[in-house]
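All remarks here apply to the structure that follows.
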Amino acid sequence: KKPKPISYSKIFGQTLLKICEQDSKVVGITAAMATGTGLDILQKNIPDQYIDVGIAEQHAVTMAAGMATEGFKPYVAIYSTFLQRAYDQVVHDVAIQKLPVRFAIDRAGLVGSDGPTHAGSFDITFLSTLPNFIIMAPSSQNELIKMMKVSSNINDRPSAFRYPRGVGVFSDYETGNIEIGKGHIIINGDNVAILNLGTRLNNCIEACKVLNQKNIFPTLADARFAKPIDAELIDDLLDNHKFLITIEEGAIGGFASHVLHHIHNI
């Protein structure tokens with residue numbers, strides 16, 4: 001029986017609570033957004049592994065970097081648009097230092113009635129340019145759980161996973177473990193290949209059904225990682241299809257740009 005769909009934020013909070021229960025070095029950090037990020041679950045159950053720094057995203061990131069140097073495993077939960085406030089700290093205190101801070105990037109992509117100031121448009125772009133980062137984008141709520149478990153074992157560099165506002169979906173398309181930098185093919189087709197990143201996968205599946213009615217049978221793949229990209233998967237799609245379409249929820253300069261960069265360097 002499938003779990004009842006709940007918000008990605010709540011999935012994050014519930015999963016981090018379980019991770020914290022298994023490892024006392026794991027700490028959840030928020031900048032005055034306990035309820036919005038789902039960390040209120042951790043605050044209620046294990047307050048000693050929860051820190052709220054107030055409206056100070058820069059301090060949250062630098063503090064997490066310092067904690068990482070002392071063997072802690074910090075998860076910094078910040079909305080995508082608010083992470084922009086701490087970009088200097090992400091660059092200098094985390095990325096260049098190659099410290100294992102985990103970034104839980106909430107409200108990534110479009111946010112509906114929250115408006116343009118809360119839209120998470122730029123995180124893929126501004127994080128992908130930085131050294132040492134591993135950047136993930138789950139396509140469903142069960143894949144978010146898997147990626148969080150992957151991030152808990154990344155102890156030699158920073159990592160991030162981005163997920164949108166709203167209720168998650170539970171998918172049957174994810175099987176097996178997630179390997180860093182590896183995507184997978186969801187539907188085998190021909191001529192046209194669609195390469196998705198993130199929670200637009202279900203929309204891609206629906207689009208394939210519409211195209212099937214017009215005798216177009218695309219291959220559908222899910223990248224899972226914005227960095228490192230799965231060069232082997234991309235090469236396979238290029239070798240066996242006439243067209244490659246990338247799908248993501250973000251600004252120009254993101255995942256598609258990294259795919260194009262790889263193609264130009266082949």
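The values are calculated or read from the model by the stated rules, or taken from the named source; none is laboratory data. Owing to the predicted nature of the structure, the values given are computational and were not obtained by experimental measurement. Heads up, the Cβs are rebuilt from the backbone with ideal geometry, glycines too, and the neighbour counts pull from every protein chain shown. Side chains included, ligands, DNA and RNA excluded: accessible areas come from the protein's heavy atoms. Shrake-Rupley method; radii C 1.70, N 1.55, O 1.52, S 1.80 Å.
One table, with the values for the structure above:
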quantity: Proximal lysines relative to residue 214, as straight alpha-carbon distance under 19 Å, when same-chain residues fewer than 8 apart are discounted; calculated: 242
quantity: Solvent-accessible area per residue, Å², over the chain with all protein chains present [probe radius 1.4 Å]; calculated: 45 Å²
quantity: Relative contact order computed over the chain (Cα-Cα under 8 Å; 6+ residues apart), in percent; calculated: 18 percent
quantity: Relative contact order of the stretch 136-266, pairs being alpha-carbon contacts under 8 Å that are 6 or more residues apart, as %; calculated: 28 percent
quantity: Gyration tensor (alpha-carbon) shape descriptor, the stretch 15-83, a/c threshold 1.5; calculated: oblate
quantity: Förster radius 30 Å - calculated FRET efficiency between residue 238 and residue 177, Cβ distance, rounded to 0.05; calculated: 0.70
quantity: Helix 8-22 vs. the chain, principal-axis angle (Cα, 0 to 90°, nearest 10); calculated: 60 degrees
quantity: 19 Å Cα-Cα reach of residue 18 towards lysines, excluding residues that sit fewer than 8 places from it in its own chain; calculated: 4, 10, 44, 73, 146, 149
quantity: Amide proton proximity set for residue 136, modelled H, under 5 Å, gap of 5+; calculated: 160, 161, 162, 226
quantity: Using alpha-carbon coordinates, inclination of helix 231-240 to the longest axis of the chain, degrees; calculated: 20 degrees
quantity: Degrees separating the helix 141-152 axis from the principal Cα axis of the chain, which is the longest one; calculated: 60 degrees
quantity: Phi-based couplings in Hz for the stretch 257-266 (Karplus 6.51, -1.76, 1.60; Gly and Pro marked x); calculated: 5, 6, 5, 5, 4, 5, 4, 5, 8, 5
quantity: Residue 21 accessible area, 1.4 Å probe, all protein chains in place, Å² to nearest 10; calculated: 120 Å²
quantity: Label-point separation in nm, residue 25 to residue 264, each point 7 Å along Cα→Cβ; calculated: 4.1 nm
quantity: Prolate/oblate/rounded call for the stretch 148-266, Cα gyration tensor, a/c under 1.5 rounded; calculated: oblate
quantity: Under 5 Å, built H, 5+ apart or other chain: amide partners of residue 196; calculated: 221, 222, 223, 247
quantity: Residues of the stretch 79-95 with amide N under 15 Å of a point placed 7 Å along Cα→Cβ from residue 55; calculated: 79, 82-83, 85-86
quantity: Top of 247, 180, 205 by mean-square fluctuation, Gaussian network on the chain, Cα under 10 Å; calculated: 205
quantity: The stretch 1-137 - percent of accessible surface contributed by carbon and sulfur, probe 1.4 Å; calculated: 54 percent
quantity: Max mean-square fluctuation residue, GNM over the chain, Cα-Cα springs under 10 Å, options 85, 162, 107; calculated: 85
quantity: Residue-span extension gain [residue 212 to residue 154] - 0.36 nm each, minus C-alpha spacing; calculated: 16.9 nm
quantity: For the stretch 56-167: rounded, prolate or oblate by the Cα gyration tensor [a/c cutoff 1.5]; calculated: oblate
